[in-house]
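Visitor: A single structure is presented below for examination.
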Amino acid sequence: MLGPGHYLLGATEIFLLTGFAWLGGGSMRRKLVGELQGTSAHLATSVLTLALLLWIAELLGGFGAFKPIPYLAAVVVVGSGLWALVGGRWGRPSVLLGFSPGQSGVVGERGWGEKQDAAAPEGRPHRPSPAALVALVIAGVAVVHFAVGVKTRLSTGMTGFDSTWYHGPFAAGFFQSGNTWDLHFIAPQFLAWFYPANSEVLHAVGMAAFHRDLLSPLINLGWFVGCLVAGWCIGRPYRVAPISLALTAVALSVPALGDQAGEARNDIVGIFFLLAAVALALNAWGVRSSPGVAGIEESNADKSEVGQGKLARVDSGLSTGALVVVGLAGGLAAGTKLNFLLPAGVLVIGLALIAPRGGRWRALAAAGLAALVGGGYWYLRNLAHTGNPLPWVKHLGPIALPAPEQALGGREGHSVFGYLTDGSVWSGWFLPGLHHGLTIFWPALGALALAGLLLCLGRRATPAQRVMSLVGLAAAVAWLIAPTSASGPDGSPHGFESGLRYLAPALILGLALLPTAPALRRTAHTLVTSPFVPDSGTKREVSGWGGLIVGLGLVVASAVAVLGYPVQRHYLQHRYESPSFTAPGLNAAFKWAQGIGNARIATTSTRQYPLYGKDLSNRIDYIGEEQPHGGFTAPTTCQSWRRLLNAGDYDYAITTRDRIEPGKPPYPPTARWTEAPGTKVVLRKPPTVVFRLRGQLPLSSCPR
């Protein structure tokens with residue numbers, strides 16, 4: 001548990017990091033997409049703020065300098081420098097919040113491209129319609145439902161398989177070493193050490209502030225709220241934001257995403273960046289459109305004129321700044337998880353195709369380079385270590401690519417596409433999995449999401465809508481062909497239900513886009529228009545409220561910091577106190593590790609994050625041998641096992657299987673290989689033995 005001083009110091013560091021990064025992100029937003037206002041402006045600022053935090057961590061981490069003091073100093077310098085260079089102004093609270101002075105009107109409230117004059121008199125404030133209130137209630141219920149899962153993990157620690165397999169170890173490894181460039185080898189399954197790690201870097205930021213993982217169970221709650229904001233912004237230019245928000249909340253609450261709550265899972269992170277990219281593209285497109293193209297006015301226009309193109313765009317394409325921000329958000333998604341690579345690529349290419357003919361190369365360069373900056377670090381790292389940015393791909397047609405020569409390990413890989421015509425798999429696995437993963441209403445959710453994507457491909461849709469619908473379809477294709485979407489033995493895809501989280505981005509995006517479809521927009525707008533006050537179209541977001549909002553924000557932040565102190569004491573007291581989520585022996589080892597600090601521990605456990613201890617000071621290594629092109633394999637002989645243990649100068653060795661397997665010995669061969677003079681058994685419980693190492697293990701006395 002942290003004392004008040006240590007806790008206050010960590011909280012102060014987090015506030016400084018986010019504050020100065022937001023200052024720099026807000027300055028960049030005003031420079032790149034100053035035309036955006038209100039919620040969409042804040043969303044753009046959030047994307048740029050997160051990008052700054054990641055870029056600085058990656059840059060320092062490339063030289064092994066991602067440490068608390070250098071990182072904080074760099075964020076302060078960069079945030080302040082951007083504010084000064086781009087033209088930020090002190091004494092303007094609205095600037096800090098993302099409002100541009102003199103541009104406080106809501107873009108698109110009266111139709112696309114019809115920006116309200118800042119000097120115009122304010123209209124009467126709008127009362128929220130019943131539909132808007134219902135949408136807010138639905139979103140609130142979704143947040144509470146997600147928060148319940150967070151609360152559970154605050155009493156146990158993160159217990160999800162992926163959190164304890166690679167998310168947590170990557171984050172702890174970045175925090176301990178300050179290095180993001182070297183490969184962090186873990187259990188040799190799926191070549192996981194090549195995975196992109198934007199999300200894990202942000203977990204490491206929280207670990208660096210507190211030297212504990214206090215923020216890790218809470219972070220995904222922030223991403224969840226961010227997804228709701230992005231869902232709202234998707235419907236905002238079409239004046240159907242409440243319906244988009246409600247449908248986004250429903251899709252985010254499916255059981256397939258339930259394991260994101262309180263865990264270090266990164267699906268919700270990639271979903272946020274993808275939704276943000278779509279929302280910002282649609283809002284920026286609306287600002288540069290002529291009135292009536294995408295606003296509700298189109299619904300009242302003569303359909304023949306629409307078909308003849310008389311309501312065509314006056315200003316084609318997105319501004320260079322908008323292309324940069326949208327491409328950056330897509331790249332951040334691809335730098336978070338592999339299944340976002342395809343939709344991010346479609347996004348970049350689509351933005352270039354809908355640009356004016358003379359500006360397509362400019363658009364491709366702006367969006368593409370921004371996407372590379374957002375997510376390319378990890379693929380560049382892979383290229384440097386293996387000669388291949390995607391080491392899972394060993395052939396490009398007839399061309400052999402450098403890659404580790406080893407089996408992927410883990411579950412046997414199969415895709416949903418490979419089983420599409422297999423009726424027994426559908427009846428035995430797919431239909432029950434869809435029922436459990438997407439609820440009993442999965443046919444309706446799937447049909448509505450598909451309708452949203454297809455309707456936004458129609459001729460009355462704007463080019464931006466068509467591109468965003470293709471992005472959603474690309475996300476669905478990525479799930480369809482992913483080798484882990486139906487993993488498991490041939491004909492028994494045990495991983496299908498868990499793999500539905502790869503389908504979730506397409507599901508959420510399709511539902512969020514549904515009310516924006518031209519065929520449905522007029523009906524959707526009627527639902528959200530207040531019946532009590534005429535829709536005069538003069539509603540404004542008043543920048544004069546900025547000071548009040550800043551003050552309230554500081555009060556809320558202070559309250560969170562104060563309330564967080566007893567929460568962290570409860571969390572650290574109960575973190576892995578009585579683990580029960582894996583094999584009995586591993587549970588006992590995880591509990592044992594909570595009382596150990598500053599130890600070097602060797603292990604054969606795939607799930608290893610709890611071994612880092614409460615203060616994350618234990619150094620954990622999966623024992624393996626490095627191979628060419630970034631390969632990493634477990635030792636197969638006693639001599640190689642002991643040689644690796646001796647080279648690592650470990651204090652403890654944990655030999656274990658991941659589970660108790662009927663018909664196999666209770667303990668793995670490494671347990672026998674470790675028994676020798678100078679070792680002491682600390683814990684023995686199937687399938688795990690914990691040894692205390694007190695010297696070099698002789699290679700000549702290996703058991704046969």
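The values are calculated or read from the model by the stated rules, or taken from the named source; none is laboratory data. Quick caveat, the model's predicted, so the values are computed rather than measured. All Cβ positions, even for glycine, are placed from backbone atoms using ideal geometry, and neighbour counts span all protein chains on display. Just so you know, the surface numbers come from the protein's heavy atoms only, side chains and all, with ligands and any DNA or RNA stripped out. Shrake-Rupley method; radii C 1.70, N 1.55, O 1.52, S 1.80 Å.
Visitor: Does at least one position in the range 220-233 carry a residue that is in a helix (DSSP H, G or I), aromatic (Phe, Trp, Tyr) and either open to solvent by 10 Å² or more (accessible area, probe 1.4 Å) or in contact with a His (Cβ under 8 Å, 6 or more places away or on another chain) (or both)?
Guide: Of the residues in the range 220-233, the ones in a helix (DSSP H, G or I) are 220-233.
From what is left, the residues that are aromatic (Phe, Trp, Tyr) are 223-224, 232.
Within this subset, residues satisfying the condition of being either open to solvent by 10 Å² or more (accessible area, probe 1.4 Å) or in contact with a His (Cβ under 8 Å, 6 or more places away or on another chain) (or both) are 223, 232.
Yes, the range 220-233 has at least one match.
Visitor: Follow-up question, since we're still on this one. On the given criteria, is residue 500 open to solvent by less than 50 Å² (accessible area, probe 1.4 Å) and among the aliphatic types (A, V, I, L, M)? Talk me through it step by step, then tell me what you get.
Guide: Numbers: open to solvent by less than 50 Å² (accessible area, probe 1.4 Å): yes; among the aliphatic types (A, V, I, L, M): yes.
For residue 500, the condition - open to solvent by less than 50 Å² (accessible area, probe 1.4 Å) and among the aliphatic types (A, V, I, L, M) - is met.
Visitor: Take the residues in the range 678-704 that are assigned to a loop (DSSP other than H, G, I, E, B) and free of Cβ contacts under 8 Å to residues at least 12 places away in the same chain, then tell me which one is surrounded by the fewest Cβ atoms within 10 Å (Cβ to Cβ).
Guide: If we take residues in the range 678-704 being assigned to a loop (DSSP other than H, G, I, E, B) and free of Cβ contacts under 8 Å to residues at least 12 places away in the same chain, then 704 is surrounded by the fewest Cβ atoms within 10 Å (Cβ to Cβ).
Visitor: Residues that are among the hydrophobic types (A, V, I, L, M, F, W, C) and touching a strand residue (DSSP E or B) at 6+ places or on another chain (Cβ under 9 Å): does the range 393-404 have at least one?
Guide: yes
Visitor: List every residue pair whose Cβ atoms lie under 8 Å apart, where the two residues are 6 or more positions apart in sequence or sit on different chains, the first residue falls within the range 249-275 and is touching a residue at least 12 places away in the same chain (Cβ under 8 Å) and over 19 Å from residue 158 (Cβ atoms), and the second residue, located anywhere, is crowded, with 24+ Cβ neighbours inside 10 Å and among the hydroxyl-bearing types (Ser, Thr, Tyr).
Guide: Pairs that qualify, where the first residue is touching a residue at least 12 places away in the same chain (Cβ under 8 Å) and over 19 Å from residue 158 (Cβ atoms) and the partner is crowded, with 24+ Cβ neighbours inside 10 Å and among the hydroxyl-bearing types (Ser, Thr, Tyr), are 273/336; 275/248.
Visitor: Given the conditions (1) modelled with pLDDT under 95; (2) polar (S, T, N, Q); (3) crowded, with 19+ Cβ neighbours inside 10 Å, and given that residue 406 satisfies all but one, which numbered condition is not satisfied?
Guide: Only one criterion is unmet by residue 406, namely (3).
Visitor: I want to confirm something. Restricting to the range 240-260 and keeping residues that are open to solvent by less than 10 Å² (accessible area, probe 1.4 Å) and part of a loop (DSSP other than H, G, I, E, B), which single residue is nearest to residue 500 (Cα to Cα)?
Guide: 254
Visitor: Mind checking whether some residue in the range 534-552 is of a type outside the set (A, V, I, L, M), at pLDDT 75 or above and either assigned to a helix (DSSP H, G or I) or loosely packed, with under 15 Cβ neighbours inside 10 Å (or both)?
Guide: The answer is no, given that none of the residues of the range 534-552 is of a type outside the set (A, V, I, L, M), at pLDDT 75 or above and either assigned to a helix (DSSP H, G or I) or loosely packed, with under 15 Cβ neighbours inside 10 Å (or both).
Residue-by-condition table, conditions (1) modelled with pLDDT of 95 or more; (2) in a loop (DSSP other than H, G, I, E, B); (3) open to solvent by less than 50 Å² (accessible area, probe 1.4 Å):
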site: 69; (1), (2), (3): yes, no, no
site: 72; (1), (2), (3): yes, no, yes
site: 103; (1), (2), (3): no, yes, no
site: 116; (1), (2), (3): no, yes, yes
site: 133; (1), (2), (3): no, no, no
site: 138; (1), (2), (3): yes, no, no
site: 150; (1), (2), (3): yes, no, yes
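Visitor: Look through 358, 410 and report the one residue that is over 16 Å from residue 190 (Cβ atoms) and more than 22 Å from the chain's Cα centre (by Cα).
Guide: Of 358, 410, the one residue that is over 16 Å from residue 190 (Cβ atoms) and more than 22 Å from the chain's Cα centre (by Cα) is 358.
Visitor: Restricting attention to the range 177-204, and to residues there that are more than 18 Å from the chain's Cα centre (by Cα) and small (Gly, Ala, Ser), which single residue is nearest to residue 610 (Cα to Cα)?
Guide: Within the range 177-204, the first condition is being more than 18 Å from the chain's Cα centre (by Cα), and the residues that meet it are 177-179, 181-191.
Keeping just the survivors that are small (Gly, Ala, Ser) gives 177-178, 187.
Numbers: 177: 18, 178: 20, 187: 15 Å.
Ranking the candidates gives 187 first.
Visitor: Within the range 443-466, can you find the residues that are of a type in the set (A, V, I, L, M, F, W, C) and in contact (Cβ under 8 Å) with a residue 24 or more places away in the chain?
Guide: 445, 448, 449, 450, 451, 453, 455, 456, 461, 464
Visitor: Being crowded, with 24+ Cβ neighbours inside 10 Å, in contact (Cβ under 8 Å) with a residue 60 or more places away in the chain and within 22 Å of residue 271 (Cβ to Cβ) is the requirement here; does residue 505 meet it?
Guide: Criteria met by residue 505.
Visitor: Moving on. Among the residues of the range 596-629, count how many are charged (D, E, K, R) and without any contact (Cβ under 8 Å) to a residue 24 or more places away in the chain.
Guide: 1
Visitor: Continuing with this model, one more query. If you go through the range 427-450 one residue at a time, do you hit one that is under 30 Å from residue 319 (Cβ atoms), at pLDDT 95 or above and open to solvent by 50 Å² or more (accessible area, probe 1.4 Å)?
Guide: no
Visitor: Kindly provide the set of residues from the range 37-61 that are open to solvent by less than 30 Å² (accessible area, probe 1.4 Å) and either among the charged types (D, E, K, R) or within 17 Å of residue 177 (Cα to Cα) (or both), ordered by number.
Guide: Selection gives 54, 56, 57, 58, 61.
Visitor: Evaluate the range 365-384: report whether one residue or more is of a type in the set (Gly, Ala, Ser), open to solvent by 20 Å² or more (accessible area, probe 1.4 Å) and at pLDDT below 95.
Guide: no
Visitor: Which condition number in (1) surrounded by 21 or more Cβ atoms within 10 Å (Cβ to Cβ); (2) over 22 Å from the mean Cα position of the chain (by Cα) is the one that residue 468 fails?
Guide: All conditions are met except number (2).
Visitor: Take residue 396 and decide whether it is free of Cβ contacts under 8 Å to residues at least 24 places away in the same chain, open to solvent by 80 Å² or more (accessible area, probe 1.4 Å) and of a type outside the set (Val, Ile, Thr).
Guide: yes
Visitor: Next question, about the same structure. Among 179, 198, which is the only one that is open to solvent by 10 Å² or more (accessible area, probe 1.4 Å) and within 26 Å of residue 13 (Cβ to Cβ)?
Guide: 179
Visitor: Further question: Which of (1) assigned to a helix (DSSP H, G or I); (2) more than 20 Å from residue 325 (Cα to Cα); (3) at pLDDT 95 or above is the odd one out, the single condition residue 63 does not satisfy?
Guide: Of (1) assigned to a helix (DSSP H, G or I); (2) more than 20 Å from residue 325 (Cα to Cα); (3) at pLDDT 95 or above, only one is false for residue 63: (1).
Visitor: Could you grab me the full set of residues in the range 261-276 that are assigned to a loop (DSSP other than H, G, I, E, B) and within 10 Å of the chain's Cα centre (by Cα)?
Guide: If the condition is that a residue be assigned to a loop (DSSP other than H, G, I, E, B) and within 10 Å of the chain's Cα centre (by Cα), then 264, 265, 266 are the ones that fit.
Visitor: If you don't mind, another one. Does the range 618-653 hold any residues that are in contact with a helix residue (DSSP H, G or I) (Cβ under 8 Å, 6 or more places away or on another chain), open to solvent by less than 20 Å² (accessible area, probe 1.4 Å) and not in a helix (DSSP H, G or I), and which are they?
Guide: 618, 620, 623, 624, 632, 635, 653
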